[in-house]
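The values are calculated or read from the model by the stated rules, or taken from the named source; none is laboratory data. Everything numeric here is computed off the predicted structure, so don't read it as measured data. A quick note on method: Cβ atoms are made from the backbone with ideal geometry, for glycine too, and the neighbour counts reach across all protein chains shown. Surface areas here come from the heavy atoms of the whole protein model, side chains and all, with no ligands, DNA or RNA. Shrake-Rupley method; radii C 1.70, N 1.55, O 1.52, S 1.80 Å.
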Amino acid sequence: MEKRVPLRKCLGCMSSFPKKDLVRVLKTPEGEVIIDLSGKKSGRGAYICKDKACLKKAIKSKRIQSNLEVEIPETIYLELEKELSLANEQ
Ligand SMILES: [Zn+2]
């Protein structure tokens, strides 16, 4: 039987992608915001596909912070940008 691939929605383009094609921003149970590259940590996740335009859109619309109901530190956005640059170089 074929395995179902879990899909998550990118907060930039609002399209659904397999989890592995997205970068996960996580709010931990302690309320800390981190980038979860393993995708396995517990907490509440928001997703961005590996497209810089989507990150920009998500930042501008403040969708990540409203989705996670937490203020997103500037460092997280910078880190995300770095992750996406690396992903796009491959
Ligand atoms: Zn997207």
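Summary of computed values
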quantity	calculated
Condition met for G39 (within 18 Å of A87 (Cβ to Cβ), in contact with a helix residue (DSSP H, G or I) (Cβ under 9 Å, 6 or more places away or on another chain) and within 16 Å of the ligand (Cβ to nearest atom))	no
Residue pairs meeting the criteria (Cβ under 6 Å; at least 6 apart or on separate chains; first free of Cβ contacts under 8 Å to residues at least 12 places away in the same chain, in the stretch 30-46; second surrounded by 11 or more Cβ atoms within 10 Å (Cβ to Cβ))	none
Residue that is polar (S, T, N, Q) and away from the ligand (no atom under 16 Å from the Cβ), where the choices are S66, S61	S66
The listed residue being touching a Leu at 6+ places or on another chain (Cβ under 9 Å) and closer than 15 Å to L68 by Cβ, out of C49, C10	C10
The one condition in (1) open to solvent by less than 70 Å² (accessible area, probe 1.4 Å); (2) among the hydroxyl-bearing types (S, T, Y); (3) more than 20 Å from L7 (Cβ to Cβ); (4) at pLDDT 95 or above that Y47 fails to fulfil	(3)
Selection count where residues are outside any strand (DSSP E or B), in contact with a helix residue (DSSP H, G or I) (Cβ under 7 Å, 6 or more places away or on another chain) and within 13 Å of the ligand (Cβ to nearest atom), scope the stretch 1-36	3
Residue within the stretch 61-77 that is loosely packed, with under 14 Cβ neighbours inside 10 Å and within 17 Å of L7 (Cβ to Cβ) present	no
Count of residues meeting criterion [in a helix (DSSP H, G or I), farther than 15 Å from L11 by Cβ and of a type in the set (S, T, N, Q)] in the stretch 44-90	3
